[in-house]
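Participant: For reference, the structure I am asking about is given below.
The values are calculated or read from the model by the stated rules, or taken from the named source; none is laboratory data. Values in this document were obtained by computation on a predicted structure and should not be read as measured data. Glycine gets a Cβ as well: all are built from the backbone with ideal geometry, and neighbour counts include every protein chain shown.
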Amino acid sequence: MIVSMIQFIFEIPDVQNIKDKRRVVKSIKDRLKSRYKMSAAEVDLLDSLCFGHIGAALVSNSRVYGEEVLQKAFSSIEDDMPIRIQDVQIHSEEF
């Protein structure tokens, strides 16, 4: 069993309040869950108004497949969401 994980830190420009931030974060998590069948959660920077930190994971039987799906998901988020990526890490582990 291979667990492929991604975590990324991003900035949300032009956010006015915590409600706006939560809407963007929820939209990202929902997209990862519904379109790419990943588990996703906001893992840090919960009190920050302009920054978010999301972690997501995918279980598969292939490291290549898992990391390919994560790359596609990340590209989709980066292109379609109103955020600026600050850091991204992708990692796979075999269990």
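Participant: Is at least one residue of region 60-76 without any contact (Cβ under 8 Å) to a residue 12 or more places away in the chain and more than 15 Å from V3 (Cβ to Cβ)?
Facilitator: yes
Participant: Give the residues of region 10-50 that are assigned to a strand (DSSP E or B) and without any contact (Cβ under 8 Å) to a residue 40 or more places away in the chain, sorted by residue number.
Facilitator: Selection gives S39, A40, A41, E42, V43, D44.
Participant: Suppose we keep only residues that are assigned to a helix (DSSP H, G or I) and aliphatic (A, V, I, L, M) within region 67-95. Which one would you say is surrounded by the fewest Cβ atoms within 10 Å (Cβ to Cβ)?
Facilitator: Among those residues, the one meeting the criterion is V69.
Participant: Return the residues of region 1-22 that are touching a helix residue (DSSP H, G or I) at 6+ places or on another chain (Cβ under 9 Å), surrounded by 10 or more Cβ atoms within 10 Å (Cβ to Cβ) and farther than 15 Å from H91 by Cα; say none if nothing qualifies.
Facilitator: Listed by number, the residues that qualify are F10, I12, V15.
Participant: A further question follows. Would it be correct to say that D30 is farther than 18 Å from Q89 by Cβ, modelled with pLDDT of 90 or more and not small (G, A, S)?
Facilitator: yes
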